[in-house]
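S.K.: Pasting a structure below so you can have a look.
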Amino acid sequence: MSGFEADNNGISISVAADNKTVADFEVSKKPKRNKFAFACSILASLASILLGYDIGVMSGAIIYIKDDLKINDVQVEILVGILNLYCLIGAYIAGRTSDWIGRRYTIVVAASIFFVGALLMGFATNYAFLMVGRFVAGIGVGFALLIAPVYTAEVSPASSRGFLNSFPEVFINIGLLLGYVSNYAFSKLRADLGWRVMLGAGAIPSVFLAIGVLTMPESPRWLIMQGRLGEAKTVLNKTSDTKEEARGRLSDIKAATGIPEDCTDDIVQVQKQTHGEGVWKELFLHPTPVVRHVLICAIGIHFFQQAIGLDSVVLYSPRIFEKAGITSSDHKLLATMAVGLSKTIFILVATFLLDKIGRRPLLLISSGGMVVILATLGFSLTIIGHSDNKITWAIGLCITMVLSSVAVFSIGMGPIAWVYSTEIFPLRLRAQGASIGVAVNRVTSGVISMSFISLYEAITIGGAFFLYAGIALVAFFFFFTFLPETQGKTLEEMEGLFGKLVGWKEEARKLKRKNKMNEANHQIQLGNNLTTDRQC
């Protein structure tokens, strides 16, 4: 037996019903995680391993490349960071390609291009040859970086949106760890051979990716853009939590692509899509207050994700450990592997918190924590740099802060930048909005990674991290001031939250009160229905 009490217009209603009757009315029960959407997201997000592997493997390989090819620090910075700028070309081409051949085959193209780039880097005989390989690999990474989150967003049901949309960042971190492991595993080879094997081994995951992607369905949004409604309905039914949600998602996509709501044919004629000229005008030339707020949030979150300098920690961790007093190459690579392990563990933790705690709390905790950690890292490196003797506590503090920085970043700023910027754009603006986010993210990352050595030579390595801590502080206030919470919000509710840069909090409170009233009314109605059912 189950008891229920509700107050309706001051009258207390006592309800008792058997378990079967109550179960019939439990419409708000959280649905189970959609296993098919989960599998599709896993396969698509494997593409992000390519970026992670490249970042991780280059951090260790550059130690041996510098000695073998006799290059200077400026060439090191360019070699390490230029891939981020090449990504922009790949991401731009990927947007057009994915509309032409589909999301799934675009991932295959990404894997194929990276495969060629990895082999070119592995067989490089000089710096110029190596840069050609970096260019080709960068195009492949740009393809993967754009298409993985787009496909994942298009197959994700609402209940798992944050969880599944964080997968690309998860696999970037797994790729990062694989790169670090590759560094250590092949560091025992002859110096001129080891770094070539490290880079060339990147061709292996791209082969598995290309094969695995062919087993997953095409994106339902792309299918509808081609007029293949029957296939899209099948995919939506498999990737949605309920039939009602599948119909709702179908209706939204049909509206965005100009297909009449009452059209139910399996194959329809669709008006030829433009390349988004009207969308670009809506984003930049004539934005509504809502679109302007969304755009500022998307650009800001991607800029600050990279501007706080986490890439400097990841890419140059061997140098940071060397500055901290670790001189053995083996020990530096082992310490770097610990960085990758820490980053991977905490990104997995974040995936389970996104849909429970919310985006905004995790983002504020992460950015606030980065302020403290980066400042402490700068302090410990400054102490070490100004001492002629080995200071054990400062070295320990430095290593602890490096590991803490990647952990705290992975809890919030790492995955949320991609999740948040994907979900806040209206459907009609999502593809272009995602490309803007990728562009800002990669340009900022490229600037940070190509300037770190020059920066710390100019203001000391401790000073560089004090600067990053200052940027993280600005990021915290930006997130606190401008970014509303999006967890569990529908598109209509999000449009109510955005539009007032500094007045959205009052709208959020009104929405919260409205939802509570609706929930209370729903419970009262549920009680009345149960009472009627029992009397009958």
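S.K.: Describe numerically, in nm with one decimal, the distance between label points set 7 Å from Cα along Cα→Cβ at PHE123 and at ALA191.
M.R.: Inter-label distance under the simple model: 2.6 nm.
S.K.: I would also like to ask the following. For each pair in LYS281/LYS356; LYS332/LYS356; LYS323/LYS343, compute the distance between the two Cα atoms and list the pairs where it is over 28 Å.
M.R.: Numbers: LYS281/LYS356 36 Å; LYS332/LYS356 37 Å; LYS323/LYS343 21 Å.
Table pairs above 28 Å Cα-Cα are LYS281/LYS356; LYS332/LYS356.
S.K.: Compute the distance in nm between two label points, each set 7 Å from the Cα along the Cα-to-Cβ direction, one at ASP252 and one at ILE204.
M.R.: 4.0
S.K.: A follow-up question, please. Taking amide H atoms as placed 1.01 Å from N in the peptide plane, list the residues 5 or more away in sequence, or in a different chain, whose amide H sits under 5 Å from that of ASP241.
M.R.: ALA158
S.K.: Between VAL349 and PHE482, how high is the FRET efficiency from 1/(1 + (r/R0)^6) when r is the Cβ-Cβ distance and R₀ = 25 Å? Nearest 0.05. Each step should come with its number before you reach the end.
M.R.: Details: r = 26 Å, r/R0 = 1.04.
Using R0 = 25 Å, I get an efficiency of 0.45.
S.K.: Add +1 for every Lys or Arg and -1 for every Asp or Glu among the other residues with Cβ under 15 Å from the Cβ of GLY300, and state the total. Don't skip to the answer; put the middle values down first.
M.R.: Working: positive: ARG292, ARG359, ARG360; negative: none.
Value of the local net charge: +3.
S.K.: Per residue, how large is the accessible surface of the range 339-428? Use a 1.4 angstrom probe and give square angstrom.
M.R.: On the way: 3230 Å² over 90 residues.
Normalised by residue count, the accessible surface of the range 339-428 is 36 Å².
S.K.: How many nm separate the modelled label positions at VAL372 and LYS356, each set 7 Å beyond the Cα in the direction of the Cβ?
M.R.: 2.1
S.K.: Could you give me the ³J(HN,Hα) list for the range 338-352, computed from phi with Karplus coefficients 6.51, -1.76, 1.60 and θ = phi - 60°, whole Hz, x at Gly and Pro?
M.R.: After applying 6.51 cos²θ - 1.76 cosθ + 1.60, I find 5, 4, x, 5, 4, 5, 5, 4, 6, 6, 5, 4, 4, 4, 8 Hz.
S.K.: Same structure, new question: Could you sort the peptides 280-286, 253-259, 419-425 by per-residue average Cβ neighbour count (10 Å cutoff), highest mean leading? The partial results should precede the final answer.
M.R.: Values: 280-286: 13.0, 253-259: 17.0, 419-425: 25.1.
Taking the mean over residues of other Cβ atoms within 10 Å, the ranking is 419-425, 253-259, 280-286.
S.K.: Follow-up. Applying the Karplus parametrisation 6.51 cos²θ - 1.76 cosθ + 1.60 with θ = phi - 60° to the phi angles of the range 117-125, what ³J(HN,Hα) value in whole Hz is obtained for each residue in order, glycine and proline being reported as x?
M.R.: x, 5, 5, 4, 5, x, 9, 4, 9
S.K.: Related question: Give, in nm to one decimal, the length gained when the segment between THR327 and ILE42 is fully stretched (0.36 nm per residue of separation minus the Cα-Cα distance). Mind showing how you got there, number by number?
M.R.: Working: separation 285, 0.36 × 285 = 102.60 nm, distance 3.88 nm.
Length difference between fully extended and current span is 98.7 nm.
S.K.: In whole Hz, what ³J(HN,Hα) sequence does the range 83-97 give by Karplus (6.51, -1.76, 1.60; θ = phi - 60°), x for Gly and Pro?
M.R.: Residue by residue, the range 83-97 yields 4, 4, 6, 5, 4, 4, 5, x, 5, 5, 5, 4, x, 5, 4 Hz.
S.K.: Please report, as a whole percent, how much of the solvent-accessible surface of the range 51-146 comes from carbon and sulfur atoms (probe radius 1.4 Å).
M.R.: Numbers: 2370 of 3280 Å².
Roughly 72 percent of what the probe reaches on the range 51-146 is carbon or sulfur.
The values are calculated or read from the model by the stated rules, or taken from the named source; none is laboratory data. Here the structure is a predicted model, which means the values were calculated and not measured. Reconstructed Cβ throughout: ideal geometry from the backbone, glycine too, with neighbour counts over all protein chains shown. With ligands, DNA and RNA removed, areas are computed over all heavy atoms of the protein, side chains included. Shrake-Rupley method; radii C 1.70, N 1.55, O 1.52, S 1.80 Å.
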